[in-house]
Amino acid sequence: MLPPEDQYEIEAKALEALRSSDDAPDIRLVDCREEEEFAVCRLEGAELVPLSRFGDEAAAKLLDDDRPIVVYCHHGMRSMQATMFLRRKGCGKVWSLAGGIDRWSERIDPSVPRY
């Protein structure tokens, strides 16, 4: 189950449970790290929209989609900025991955390289 819209983060374990559920919603994963970081590791199915270009690219790529969005970065700071940006633009179903890809690697999938 997705968090309520008055929350701004989703925990790694909750996202993993959603992704592995048979009746999971079609969640859009957005990586807001930079290209060099994306090359090191990423979550399967994620699309790259770097925070450095987020304002320009997010409107074109993300705002016309009704799917829930989970944004992640390395530790969760940049993804929270991106989440807040999207919320201000009218996206209610967007959450930041708490702890970022680092926490995902630590708690969910240790095969995801940490850096």
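The values are calculated or read from the model by the stated rules, or taken from the named source; none is laboratory data. Note that this is a predicted model, so its numbers are computed, not measured. As a convention, Cβ positions derive from the backbone with ideal geometry for all residues, glycine included, and neighbour counts pool all protein chains shown. In case anyone asks, the SASA skips ligands and DNA or RNA and just uses the protein heavy atoms, side chains included. Shrake-Rupley method; radii C 1.70, N 1.55, O 1.52, S 1.80 Å.
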(message) Going residue by residue through the stretch 74-91, is there one that turns out to be open to solvent by 10 Å² or more (accessible area, probe 1.4 Å), out of contact with any helix residue (DSSP H, G or I) (no Cβ under 8 Å at 6 or more places or on another chain) and polar (S, T, N, Q)?
(response) no
(request) Working only within the stretch 1-12, note down all residues that are in contact (Cβ under 8 Å) with a residue 40 or more places away in the chain, among the hydrophobic types (A, V, I, L, M, F, W, C) and either open to solvent by 90 Å² or more (accessible area, probe 1.4 Å) or in a loop (DSSP other than H, G, I, E, B) (or both). (result) LEU2
(message) When the residues of the stretch 13-25 are narrowed to those that are modelled with pLDDT of 95 or more and within 20 Å of LEU86 (Cβ to Cβ), which ends up surrounded by the fewest Cβ atoms within 10 Å (Cβ to Cβ)?
(response) ALA14
(message) Can you list residue pairs whose Cβ atoms sit under 8 Å apart, with the first residue in the stretch 86-106 being closer than 19 Å to PRO25 by Cα and touching a residue at least 60 places away in the same chain (Cβ under 8 Å) and the second being surrounded by fewer than 18 Cβ atoms within 10 Å (Cβ to Cβ) and of a type in the set (A, V, I, L, M)? Count only pairs 6 or more apart in sequence or on different chains.
(response) LYS93/LEU2; TRP95/LEU2
(request) Scan the stretch 26-60 for residues that are closer than 19 Å to ALA98 by Cα, of a type outside the set (Val, Ile, Thr) and either open to solvent by 50 Å² or more (accessible area, probe 1.4 Å) or in a loop (DSSP other than H, G, I, E, B) (or both) and jot them down. (result) CYS32, ARG33, GLU34, CYS41, ARG42, LEU43, GLU44, GLY45, ALA46, GLU47, PRO50
(message) Any residue at all in the stretch 54-77 that's more than 14 Å from GLU9 (Cβ to Cβ) and hydroxyl-bearing (Ser, Thr, Tyr)?
(response) no
(request) Select from the stretch 90-108 the residues that are in a helix (DSSP H, G or I) and out of contact with any strand residue (DSSP E or B) (no Cβ under 6 Å at 6 or more places or on another chain) and list them in ascending order. (result) ASP102, ARG103, TRP104, SER105, GLU106, ARG107
(request) Mind listing whichever residues of the stretch 61-89 are under 13 Å from the mean Cα position of the chain (by Cα), outside any helix (DSSP H, G or I) and on the phi < 0 side of the Ramachandran plot? (result) LEU62, ARG67, PRO68, ILE69, VAL70, VAL71, TYR72, CYS73, HIS74, HIS75
